[in-house]
Amino acid sequence: MKTEPGRMPPHAAAPHDPLSPTRAAGPDTASRRERWQHGVLRGVAALLVAVIFLVDTLTTLEGAVAVLYVVAVMLVARTARRGDIVAVAVAGIVLTVYAYLDTHGLRHVGAQTFRAAVSLAAIAISAVLALENQHAVQSLKSQAMLLDLSHDMIFTRGRDGRIAFWNRGAAEVYGFSAQEAVGRIADELLRTRYAQPRALAEAALEAEGRWEGTLVQTTRDGRELHVESRWALQRDASGRTRQVLETHTDVTARQSCCTTPMRVASNMRR
């Protein structure tokens, strides 16, 4: 089977989903484990909802007992399913209203009414926040999948240089799987050589938010690659550096084509 210059066969390294740490165990095993975990979370949340309702209805405890439905909402939020979040939030709201009406009726307005209102607001707010967080997680997963489809070598690193994400292209070309690369310092792992001092590249990145240049890196099997490197600085809402996205394109073959005629001309002059 033929492969592109500078690339290892597809089986050389496993693809990586940065948001699925169980991926390494195999897709079937990970899927079964995930379904089991989600089932446990749903069961615990349902039991918690039932216990809170019974305590709120059958006891004379003072306080906003129903606010504990928020805990159930947070539990099912870990399943990353909108339906679970909405179902538990709606159940909590309905049961809170029912328990209040059953205990106090419509004519009584007082501290109990205020506590019930606080509980309803807390349940609604926690559900909205959980749904927003779930949407953000899904967006990150979609972005990670797109990065994994690229043939370029793409990874993210912190300002300390440690790799946080390693895409399929990087695994295939460099020969290091995601499990091997994540947590390592990129320059040490790839034995990166710069045409100029690295400090100058970092200074340009900090000042302009991006940097481009040519690097020499070494694969797992010892081959040297010439790569066009593009760095992009990603900041958080407060303007602090969150991570650096590096995109590398292997130009070793192009570099070789350019240098070969020069070598021939030099030898002829000799």
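The values are calculated or read from the model by the stated rules, or taken from the named source; none is laboratory data. Keep in mind that this is a model prediction, so the values were computed, not measured. Note: ideal-geometry Cβ built from the backbone for every residue, glycine included; neighbour counts use all protein chains shown.
General observations
- Qualifying residue in region 88-108 (condition: of a type in the set (S, T, N, Q), in the same structural domain as Leu41 (by TED's automatic domain parsing) and more than 21 Å from Thr59 (Cα to Cα)): no
- Lone qualifier among Ala64, Ala80 - being closer than 29 Å to Phe165 by Cβ and modelled with pLDDT under 90: Ala80
Listed here are the residues, each with its yes/no results for (1) outside any strand (DSSP E or B); (2) touching a Leu at 6+ places or on another chain (Cβ under 7 Å); (3) not assigned by TED's automatic domain parsing to the domain that holds Gly158.
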residue: Glu188; (1), (2), (3): yes, no, no
residue: Gln196; (1), (2), (3): yes, no, no
residue: Leu200; (1), (2), (3): yes, no, no
residue: Leu205; (1), (2), (3): yes, yes, no
residue: Trp211; (1), (2), (3): no, yes, no
residue: Leu215; (1), (2), (3): no, no, no
residue: Gly222; (1), (2), (3): yes, no, no
residue: Glu228; (1), (2), (3): no, no, no
residue: Trp231; (1), (2), (3): no, yes, no
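- For region 194-234, a residue qualifies if it is basic (Lys, Arg) and in contact with a strand residue (DSSP E or B) (Cβ under 6 Å, 6 or more places away or on another chain), and the qualifying residues are Arg210, Arg230.
- Thr79 vs. criteria surrounded by fewer than 17 Cβ atoms within 10 Å (Cβ to Cβ) and not hydrophobic (A, V, I, L, M, F, W, C): no
- Any pair with Cβ under 6 angstrom, 6 or more apart, that starts in region 100-119 at a residue that is surrounded by 10 or more Cβ atoms within 10 Å (Cβ to Cβ) and ends at one that is aromatic (Phe, Trp, Tyr): Ala116/Tyr100
- Considering region 224-244, and only residues there that are surrounded by 15 or more Cβ atoms within 10 Å (Cβ to Cβ) and touching a residue at least 24 places away in the same chain (Cβ under 8 Å), the residue that is nearest to Met153 (Cα to Cα) turns out to be Val227.
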